[in-house]
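Asker: Can you keep this structure in mind? I'll have questions shortly.
The values are calculated or read from the model by the stated rules, or taken from the named source; none is laboratory data. Here the structure is a predicted model, which means the values were calculated and not measured. Virtual Cβ from ideal backbone geometry, glycine too; neighbours counted across all protein chains shown.
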């Protein structure tokens, strides 16, 4: 900033002031002003006030004309010594305006494009993140119990090449509305189908994790025409056992430490569970209705401390290709549930990985999925 | 989820709780927003800072009550309404005005539960703005939270961001005890992502806004943002700071503070209230008493001088803690060397 040139900017008179109108200049350019001399009347939504010169010097320009409305901080005038050339003042104004515009663009740009949006789907308000473009069959990602679309943060963008990849928060979860109806797999499969219809998608690859895997299996059973392929990551529905210490602990934990302890069940490498992750979970759990939704889902899907739905029959009769990914060290759903399935199911058992391979072993999972659904596209 | 200002977050918390619970009412000077006037306008401003804007329109004059400029009467009325079944949110405008109604708060509302043998509950919230930095001069700039923290029976909440403000105000309204909810007046335009749904942040649980191994910084309200900025600058110099936002001064999450001090061995407390008997002295005493052996350097306090808040901008700036002052305090505690006495 040139020391000889002083920008006069739109002042902030009150806490609520974001913009002001030049109600009338009181001093014409070419006038010598003293610090504290009345320069210009500024009208805000609340009051008209006289702005006093912050410095002594020669008022060289009115940059803003009478009647102009400008945001706080915008350039309205220039005070500079008589020795400063007009060209230098012009250059100063150009530079100031460019910087000011860039700063406001940056402030506005935060809410640009690639962000989840809220969609009204039937009775539900769903948070949906739709990424990528291309001719490939779209891929839909269904998270698990207590999760949200951020569970796919290491997979979503990586897979969104040549195809749309749509992640969403199930009802009762994340930013979606908290009514979970009966809380059953069939209910969630139905909402997923409604979302696909809303997005005008008639055939998609479906990847589901944990409870989301059970939802994907249910969808493949009830609406097989919708499902081009199934990628199941440690899915529900393939055996009765489930770690209810995790389910109940997750529902009940109400402080950072408690949540952190419970989340450790999810991964083999416990160091992955940081305070931030627990903070995020608490933010969700503290939303009105979230805990009640979780209780309802747990009661519907895991009655008597066991999984209530046996969906092995779906895989026995499924027409679509199926890939199964499971962490050998899964502490929520035992990896043994991956055994005894039809030979057509492609199995990837990942050693030293817990219940969330898509997080703990993201690169391997992304490669498996890319090869699997990429291949499907090629042969389609 | 969308970006909301501190002002909008507070407004949304009030609106959602008023929709949820018909016993929630608002009382205060101008909370209905300048009713009357030459144009007959109602809800023109929504309070002096626009925080309650639109609530009179939605809930009407039976639930949004403009009061005369008589703090003792309407704070007393709010305490009485609370103890007889309503959930009033009374606004004191500037916290400095508490001098006019302290008996109603300190001797009445705060004591009801205790003096009626636990049979009375007083779900009263008193909102007020506090803090220096806006040229509001000595009678409108104080940070009086230590005064309330001193009184058993009151809960004291100091939100540090829009997200915190919404969740803590909802908890305050749902709480069955009197809660003093203090809003830093410089923060009303601060924006961040705030969920659209209602949510409640519990009292007495500190929030860690930064994590580092070298120094623990405890900061309140607006000071949390400054502490975060100082921590970010210091991180570039290789000094890791944990920043604790206690959220509430009463109850105080001593456990988190002691745990963090045990990890870092160094403590800096940033408090914009007057330095004698403030939160910085309180926490310094707590740590000196219970974590003395963890300390590797003297506790440092970044606090204003013991003077009224000055009006002149340069003096007010000098008065308040700043990012630079926090950085200097952290650097000083890092540079401290223990001298062994023989």
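Asker: Kindly indicate the residue of the stretch B:167-187 that is within 17 Å of residue B:51 (Cβ to Cβ) and outside any helix (DSSP H, G or I) and also farthest from the other protein chains (Cβ to nearest Cβ) among those meeting that condition.
Answerer: By that ranking, first place goes to B:180.
Asker: Filter the stretch A:113-134 down to residues that are without any contact (Cβ under 8 Å) to a residue 60 or more places away in the chain and away from chain B (no Cβ under 14 Å), then give me how many there are.
Answerer: To start, the set of residues in the stretch A:113-134 that are without any contact (Cβ under 8 Å) to a residue 60 or more places away in the chain comprises A:113-118, A:120, A:123, A:125, A:127, A:129, A:131-134.
Subset that is away from chain B (no Cβ under 14 Å): A:113-114, A:123, A:131-134.
Of the residues in that region, 7 qualify.
Asker: Please go through the stretch A:138-155 and give me each residue that is more than 15 Å from residue A:210 (Cβ to Cβ) and outside any loop (DSSP other than H, G, I, E, B), ordered by number. If you could, list the steps in order and put the result at the bottom.
Answerer: First, the residues of the stretch A:138-155 that are more than 15 Å from residue A:210 (Cβ to Cβ): A:138-140, A:153-154.
A:138, A:139, A:140 - these are the residues of the stretch A:138-155 that are more than 15 Å from residue A:210 (Cβ to Cβ) and outside any loop (DSSP other than H, G, I, E, B).
Asker: Identify all residues within the stretch B:312-333 that are more than 22 Å from the chain's Cα centre (by Cα) and part of a loop (DSSP other than H, G, I, E, B); write none if there are none.
Answerer: B:312
Asker: Can you name the residue in the stretch A:64-96 that is within 21 Å of residue A:51 (Cα to Cα) and within 38 Å of the chain's Cα centre (by Cα) and is also surrounded by the fewest Cβ atoms within 10 Å (Cβ to Cβ) among such residues?
Answerer: Applying the first criterion (within 21 Å of residue A:51 (Cα to Cα)) to the stretch A:64-96 yields A:64-81, A:93, A:96.
Remaining after also requiring within 38 Å of the chain's Cα centre (by Cα): A:69-75, A:96.
Numbers: A:69: 12, A:70: 18, A:71: 14, A:72: 15, A:73: 16, A:74: 20, A:75: 19, A:96: 18.
Filtering the stretch A:64-96 for residues that are within 21 Å of residue A:51 (Cα to Cα) and within 38 Å of the chain's Cα centre (by Cα), the one surrounded by the fewest Cβ atoms within 10 Å (Cβ to Cβ) comes out as A:69.
Asker: Would you confirm, using the coordinates I've provided, whether residue A:67 is under 22 Å from residue A:23 (Cβ atoms) and at pLDDT 90 or above?
Answerer: No; evaluated as a whole, the condition is false for this residue.
Asker: Further, regarding this structure: Of the conditions (1) touching a helix residue (DSSP H, G or I) at 6+ places or on another chain (Cβ under 7 Å); (2) touching a residue at least 12 places away in the same chain (Cβ under 8 Å); (3) more than 9 Å from every other protein chain (Cβ to nearest Cβ), residue A:264 fails just one. Which one is it?
Answerer: Single failed check for residue A:264: (2).
Asker: Something else about it: Take residue B:235 and tell me if it is outside any strand (DSSP E or B), without any contact (Cβ under 8 Å) to a residue 60 or more places away in the chain, surrounded by fewer than 19 Cβ atoms within 10 Å (Cβ to Cβ) and in contact with a helix residue (DSSP H, G or I) (Cβ under 6 Å, 6 or more places away or on another chain).
Answerer: Details: outside any strand (DSSP E or B): yes; without any contact (Cβ under 8 Å) to a residue 60 or more places away in the chain: yes; surrounded by fewer than 19 Cβ atoms within 10 Å (Cβ to Cβ): yes; in contact with a helix residue (DSSP H, G or I) (Cβ under 6 Å, 6 or more places away or on another chain): no.
No: the conditions fail for residue B:235.
Asker: Next question, about the same structure. If only one of A:335, A:322, A:369 is at pLDDT 95 or above, surrounded by 16 or more Cβ atoms within 10 Å (Cβ to Cβ) and under 25 Å from the mean Cα position of the chain (by Cα), which one is it? Full working, then the answer.
Answerer: Working: A:335 fails: under 25 Å from the mean Cα position of the chain (by Cα); A:322 fails: under 25 Å from the mean Cα position of the chain (by Cα).
Result of the check over A:335, A:322, A:369: A:369.
Asker: Filter the stretch B:1-15 down to the residues that are under 17 Å from residue B:50 (Cα atoms) and either within 12 Å of chain A (Cβ to nearest Cβ) or assigned to a strand (DSSP E or B) (or both) and list them by number. Break it down into steps so the answer makes sense when it comes.
Answerer: Pass one, the stretch B:1-15, residues under 17 Å from residue B:50 (Cα atoms): B:4-15.
Within the stretch B:1-15, B:4, B:5, B:6, B:7, B:8, B:13 qualify.
Asker: Tell me which residues, restricted to the stretch B:150-185, are surrounded by fewer than 21 Cβ atoms within 10 Å (Cβ to Cβ) and closer than 19 Å to residue B:320 by Cα.
Answerer: Scanning the stretch B:150-185 gives no hits.
Asker: For the stretch B:248-274, which positions are under 14 Å from the mean Cα position of the chain (by Cα) and more than 18 Å from residue B:332 (Cα to Cα)? Lay out the reasoning, then the answer.
Answerer: Here is the first cut: in the stretch B:248-274, the residues under 14 Å from the mean Cα position of the chain (by Cα) are B:248-252, B:270-273.
Scanning the stretch B:248-274 gives B:248, B:249, B:250, B:251, B:252, B:272, B:273.
Asker: Moving on to the next point. What about residue B:50, is it at pLDDT below 90 and either crowded, with 19+ Cβ neighbours inside 10 Å or in a helix (DSSP H, G or I) (or both)? Please lay out each step first, then the result.
Answerer: Details: at pLDDT below 90: yes; either crowded, with 19+ Cβ neighbours inside 10 Å or in a helix (DSSP H, G or I) (or both): yes.
Answer is yes for this residue.
Asker: On the basis of being over 24 Å from the mean Cα position of the chain (by Cα) and surrounded by 15 or more Cβ atoms within 10 Å (Cβ to Cβ), does residue A:228 make the cut? Step through it out loud before you land on a result.
Answerer: Values: over 24 Å from the mean Cα position of the chain (by Cα): yes; surrounded by 15 or more Cβ atoms within 10 Å (Cβ to Cβ): yes.
Against the criterion (over 24 Å from the mean Cα position of the chain (by Cα) and surrounded by 15 or more Cβ atoms within 10 Å (Cβ to Cβ)), residue A:228 qualifies.
Asker: While we're on this one: Residues in the stretch B:290-297: is at least one within 30 Å of residue B:179 (Cα to Cα), assigned to a helix (DSSP H, G or I) and within 20 Å of the chain's Cα centre (by Cα)? Don't jump to the end; show me each part of the working.
Answerer: Here is the first cut: in the stretch B:290-297, the residues within 30 Å of residue B:179 (Cα to Cα) are B:290-291.
When the remaining residues are screened for being assigned to a helix (DSSP H, G or I), the result is B:290.
If we keep only those that are within 20 Å of the chain's Cα centre (by Cα) as well, we get none.
Scanning the stretch B:290-297, I find no residue that is within 30 Å of residue B:179 (Cα to Cα), assigned to a helix (DSSP H, G or I) and within 20 Å of the chain's Cα centre (by Cα), so the answer is no.
Asker: Across the stretch A:75-101, what is the number of residues that are part of a helix (DSSP H, G or I), touching a strand residue (DSSP E or B) at 6+ places or on another chain (Cβ under 7 Å) and closer than 14 Å to residue A:29 by Cβ?
Answerer: 2
Asker: Now for a different question. Among the residues of the stretch B:192-207, count how many are facing chain A (nearest Cβ under 7 Å), out of contact with any strand residue (DSSP E or B) (no Cβ under 6 Å at 6 or more places or on another chain) and either within 16 Å of residue B:224 (Cβ to Cβ) or not in a loop (DSSP other than H, G, I, E, B) (or both).
Answerer: Of the residues in the stretch B:192-207, 2 are facing chain A (nearest Cβ under 7 Å), out of contact with any strand residue (DSSP E or B) (no Cβ under 6 Å at 6 or more places or on another chain) and either within 16 Å of residue B:224 (Cβ to Cβ) or not in a loop (DSSP other than H, G, I, E, B) (or both).
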